Amino acid sequence: MERLLHYCWKHKIFPLQKMRTTNGQPVEIIDPGLQNINAGPDFFNAKIKINNVLWIGNVEIHDHASDWFLHGHNKDLSYDSVILHVVKILDAEIKRSNGELIPQMQLDCPESIQRNYEELKKTDAFPPCYRIIPSLSKLFIHSWLTTLQFERFEQKTALVKERLVRFNYDWEEAFFITLARSFGFGLNGDAFEIWASKLPLNILNKHHDNLFQIEAMFFGQAGILEDYEGDEYYMQLKKEYEYLAYKFQLTPMDGTFWKFLRLRPSNFPHVRIAQLACLYHRSYGLLAQVLEAESLKQLRDLFRGGTSEYWLTHYTFGGNSTCRPKTLSDNSLNLIIINTIITFLYAYGRYKGEDKYYRKAQQFLEELKPENNYIIRMWNTCGLPAEHAGDSQALIQLKKEYCDKKKCLFCRFGYEFLKRNYQSNNKKD
């Protein structure tokens with residue numbers, strides 16, 4: 001039922017009578033917001049009038065109102081931004097962390113939607129043209145995927161150039177920012193980019209041979225050395241960072257940017273920062289080593305990494321865990337190679353006018369297995385499997401830049417779908 005409520009909300013399938021909150025205030029849905037597939041509220045940036053007052057914020061949807069507590073939202077400050085709680089069954093009141101009541105609205109899913117659920121699920125999850133994909137020729141598909149792959153390369157190269165301009169064409173710094181963002185693996189990507197931008201690499205370079213000082217600066221600038229108590233390692237890091245911050249006039253980022261909800265412990269920001277600190281300490285002049293690498297094995301050996309001894313038995317500060325090396329998995333390594341290393345090889349080759357680098361980028365991409373995420377699985381179900389990472393990058397580009405933006409007229413699959421529908425209708429006439 002909750003998925004059906006999501007569908008009704010997303011497509012504004014609402015009852016004909018006026019909608020009201022549980023305390024009788026009239027509700028007008030101006031914009032249902034953007035559906036969120038990651039941690040946090042279900043819909044971002046919705047625009048809703050409640051009692052003729054315009055609210056802009058997030059919306060959470062549940063089957064039962066009491067699911068708010070079952071899912072722990074009452075303990076998560078990111079849910080304070082919710083302006084409306086939409087539910088099927090009203091069985092509890094919910095509040096923000098300051099005790100303020102959050103408006104709730106009961107929403108019924110029409111019986112016609114429930115009867116046609118399976119078909120609606122497909123049309124909501126797949127692009128409208130999914131039925132024609134199995135009938136398209138391999139040459140037609142290959143040609144379009146090649147174009148999409150090139151588009152994605154160019155789009156990522158533009159982001160690299162933006163960072164180069166921001167950091168006075170310092171390739172090492174732009175590389176580190178891009179690498180750090182990749183270590184966020186989507187959910188914490190923005191936080192890692194903000195964090196990396198706060199790190200003075202010219203100062204860090206002077207301390208690259210001292211892992212403890214690098215960790216102190218890395219964790220300190222991440223804004224997660226703010227507590228007054230901790231274990232011995234934590235207190236030593238905090239003391240070292242306070243000294244370095246005073247010496248170099250450093251200002252940490254806001255630690256509330258980091259997200260933990262729905263993350264596995266091995267992907268906690270603490271672990272990723274520890275891995276980056278060890279990588280930075282061990283591999284001085286990282287970009288030069290990337291440019292010189294001739295195989296994927298060399299890149300994997302370079303980035304698989306590890307951490308200092310403390311993190312073998314920790315995922316956050318305090319609270320011991322089973323002793324386990326915190327190295328990057330093959331899947332994580334592949335994502336970093338795709339999103340950072342290959343991107344930089346291509347961008348560097350384009351900027352410097354050296355073909356060997358973007359030829360190498362293309363070679364590595366076709367040697368890697370395709371990514372395994374919801375977009376690639378969706379296309380596979382539609383009859384469009386990815387054979388290598390180049391294909392998966394093309395399919396991600398297709399979904400994000402064409403399907404999501406409803407640019408069917410600019411998509412070769414969409415054009416073919418529209419053309420066939422037009423011809424079919426003409427025959428009927």
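The values are calculated or read from the model by the stated rules, or taken from the named source; none is laboratory data. Just so we're clear, the structure is a prediction, and the values are computed from it rather than from any experiment. All Cβ positions, even for glycine, are placed from backbone atoms using ideal geometry, and neighbour counts span all protein chains on display. The area values use the complete protein model at the heavy-atom level, side chains included, leaving out ligands, DNA and RNA. Shrake-Rupley method; radii C 1.70, N 1.55, O 1.52, S 1.80 Å.
Against the numbered list (1) at pLDDT 90 or above; (2) touching a Pro at 6+ places or on another chain (Cβ under 7 Å); (3) open to solvent by less than 60 Å² (accessible area, probe 1.4 Å), Ser81 comes up short only at (1). Inside region 403-425, residues that are modelled with pLDDT under 80 and within 22 Å of Lys138 (Cβ to Cβ) make up a count of 3. Residue pairs whose Cβ atoms lie under 7 Å apart, sitting 6 or more positions apart in sequence or on different chains, and linking a residue in region 150-175 that is under 14 Å from Ala196 (Cβ atoms) and assigned to a helix (DSSP H, G or I) to a partner that is open to solvent by 30 Å² or more (accessible area, probe 1.4 Å) and of a type in the set (Asp, Glu), do not occur here.
Applying the criterion of at least 1 residues that are surrounded by 14 or more Cβ atoms within 10 Å (Cβ to Cβ) and without any contact (Cβ under 8 Å) to a residue 24 or more places away in the chain to the helices (runs of 4 or more DSSP H) found wholly in region 182-299 leaves 189-197, 232-248, 286-292.
When region 318-345 is filtered for residues that are in contact with a Gly (Cβ under 7 Å, 6 or more places away or on another chain) and open to solvent by 40 Å² or more (accessible area, probe 1.4 Å), the ones remaining, listed by number, are Pro325, Thr327. Among the residues of region 172-200, those identified as farther than 18 Å from Arg272 by Cβ and in contact with a helix residue (DSSP H, G or I) (Cβ under 6 Å, 6 or more places away or on another chain) are Glu172, Glu173, Ala174.
Residues in region 238-258 that are in contact with a Pro (Cβ under 8 Å, 6 or more places away or on another chain) and either of a type in the set (Lys, Arg) or farther than 20 Å from Tyr79 by Cα (or both): 3 in all.
Only residues that are touching a Phe, Trp or Tyr at 6+ places or on another chain (Cβ under 9 Å) and not in a helix (DSSP H, G or I) were counted across region 1-40, and they come to 10. Go through region 376-401 and give me each residue that's out of contact with any helix residue (DSSP H, G or I) (no Cβ under 9 Å at 6 or more places or on another chain) and in a loop (DSSP other than H, G, I, E, B). Answer for region 376-401, where residues must be out of contact with any helix residue (DSSP H, G or I) (no Cβ under 9 Å at 6 or more places or on another chain) and in a loop (DSSP other than H, G, I, E, B): there is none. Can you name the residue in region 65-95 that is among the basic types (Lys, Arg) and over 26 Å from the mean Cα position of the chain (by Cα) and is also farthest from Gly255 (Cα to Cα) among such residues? Here the answer is Lys88. Restricting attention to region 354-375 and to residues that are open to solvent by less than 20 Å² (accessible area, probe 1.4 Å) and not in a loop (DSSP other than H, G, I, E, B), the residue that is farthest from Ile337 (Cα to Cα) turns out to be Ile375.
From Gly414, Gly383, which residue is more than 30 Å from Asp301 (Cα to Cα), among the small types (Gly, Ala, Ser), in contact (Cβ under 8 Å) with a residue 24 or more places away in the chain and surrounded by 20 or more Cβ atoms within 10 Å (Cβ to Cβ)? Of the residues listed, the single one that is more than 30 Å from Asp301 (Cα to Cα), among the small types (Gly, Ala, Ser), in contact (Cβ under 8 Å) with a residue 24 or more places away in the chain and surrounded by 20 or more Cβ atoms within 10 Å (Cβ to Cβ) is Gly414. If only residues of region 29-54 that are surrounded by fewer than 16 Cβ atoms within 10 Å (Cβ to Cβ) and in contact (Cβ under 8 Å) with a residue 24 or more places away in the chain are counted, the one that is nearest to Leu77 (Cα to Cα) is Ala39. Pairing each residue of region 350-365 that is on the phi < 0 side of the Ramachandran plot with any residue that is of a type in the set (D, E, K, R), provided the two are 6+ apart or on different chains, yields C-beta distances under 7 Å for Tyr358/Arg350. Residues in region 113-127: is at least one assigned to a loop (DSSP other than H, G, I, E, B), modelled with pLDDT under 90, more than 22 Å from Gln362 (Cα to Cα) and not polar (S, T, N, Q)? Yes, region 113-127 contains at least one residue that is assigned to a loop (DSSP other than H, G, I, E, B), modelled with pLDDT under 90, more than 22 Å from Gln362 (Cα to Cα) and not polar (S, T, N, Q). Flag: Leu145 matches the condition of being of a type in the set (A, V, I, L, M, F, W, C) and either at pLDDT 95 or above or out of contact with any helix residue (DSSP H, G or I) (no Cβ under 8 Å at 6 or more places or on another chain) (or both). Of all residues in region 231-259, those that are of a type in the set (S, T, N, Q) and over 32 Å from the mean Cα position of the chain (by Cα) total 1.
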